[in-house]
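To start, the structure under review is shown below, and the notes come after it.
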Amino acid sequence: MRALLVVNPQATSTTAAGRDVLTKALASELKLDVLQTRYRGHAAEATAAAVADGVELVVSLGGDGTVNEVVNGLLAAQTGTGRTAPRPDPQATAMLAVVPGGSANVFARALEMPRDPVEATGHVLSALAARRHRMVGLGHADDRWFTFNAGMGWDAEVVAAVERARAQGHDASPGRYAMTAIAQYLVQLRRPPSMTVELPGAAPLDGVRLAFVSNTDPWTYLSGRAVRTNPRSSFGSGLGLFALTGLSPRTIATTLRQILSPDGDPHGRNIVRHDAVPQVRITSDRPLALQLDGDHLGERTEVDFLSVPGALRVVV
């Protein structure tokens, strides 16, 4: 089988020596090419070129950002625009395999992949030998695919601020995310956004201050602790919407306690939640930051988030 291994050399939970071991293990069973990413978008470009050249499998070794780029490269020729969801043919593109190498690894955990990169590599090879894979639904927004979460407003502003800090040489530790989230919360509190959320068959909901869209559960992790906004979301159930109509300290404290609890079943007067919807449209009275899978995409005043069932074959 022809395969491409996409390696993020900056991945936080692997070493150069460890990556060499994984590469040799994969190369022993596959006709393997290896790409080490050098810049943002490199993984997507290389994956799209490899698929066009007939590669049958792409293995992502890195964090969720690397996975997102690889997925967008895999489906580069199968995009949609606006409110029309693309309908990719999974048989027409290469399969995806994921070896976790980042800090959160939300997508890999949702697939129940081993968290150790060596064990995950062995799992991938075993699955390939047994011809084992599953169909995974994805989210689509702003002509981009996302695998596990997206958001407008506060969370996206946090992502943007952390990206700026990383560009200046700072790390992206859980502590930095926490401090940045507090700083951005104070900004949101002084000037709260006003969003409108539209769901199929429902009246528009005005006055939304924060909105998350999930493609699976958990939504993300904080220092290894699951953040669960939509516990009944999964790769095959549609999108989960989690929104707040208020940002008071009491509302935020209550919400944080609920989404960080083991059962993660948030509810309350200022919480709006839907666990399985085909589409979410969010509009804003001013440009707000947008993030997909923790990747800041700039500012938008309107975004359509679409569920695309069975979009990709993933080796598990």
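Things to note:
- Matching residues, the stretch 291-306, being part of a strand (DSSP E or B) and open to solvent by less than 10 Å² (accessible area, probe 1.4 Å): Q291, L292, V303, F305, L306
- Counted residues, the stretch 165-198 - those being part of a loop (DSSP other than H, G, I, E, B), in contact with a Lys or Arg (Cβ under 8 Å, 6 or more places away or on another chain) and open to solvent by 20 Å² or more (accessible area, probe 1.4 Å): 4
- Residues within the stretch 249-290 that are assigned to a strand (DSSP E or B) and in contact with a Pro (Cβ under 8 Å, 6 or more places away or on another chain), tallied: 8
- Scanning the stretch 130-152 for residues that are among the small types (G, A, S) and touching a residue at least 12 places away in the same chain (Cβ under 8 Å) gives G137, G139, A141, A150, G151.
- Meets criteria (at positive phi and open to solvent by 70 Å² or more (accessible area, probe 1.4 Å)) for G201: yes
- Residues in the stretch 27-75 that are touching a helix residue (DSSP H, G or I) at 6+ places or on another chain (Cβ under 6 Å) and among the hydroxyl-bearing types (S, T, Y): T37, T47, S60, T66.
- In the stretch 219-248, the qualifying residues are those that are open to solvent by 20 Å² or more (accessible area, probe 1.4 Å) and in a strand (DSSP E or B), and the one that is nearest to P200 (Cα to Cα) is T220.
- Wholly enclosed strands (runs of 3 or more DSSP E) of the stretch 1-98 bearing at least 2 residues modelled with pLDDT of 95 or more and under 19 Å from the mean Cα position of the chain (by Cα): 2-7, 57-62
- Selection from the stretch 121-156 of residues that are assigned to a helix (DSSP H, G or I), crowded, with 24+ Cβ neighbours inside 10 Å and among the small types (G, A, S): A156
- Residue among D20, D89, D116, D33 that is acidic (D, E) and in contact (Cβ under 8 Å) with a residue 24 or more places away in the chain: D33
The values are calculated or read from the model by the stated rules, or taken from the named source; none is laboratory data. Values in this document were obtained by computation on a predicted structure and should not be read as measured data. All Cβ positions, glycine included, derive from the backbone under ideal geometry; neighbour counts span all protein chains shown. To get the accessible areas, we keep the full protein, side chains included, count just its heavy atoms, and leave off ligands, DNA and RNA. Shrake-Rupley method; radii C 1.70, N 1.55, O 1.52, S 1.80 Å.
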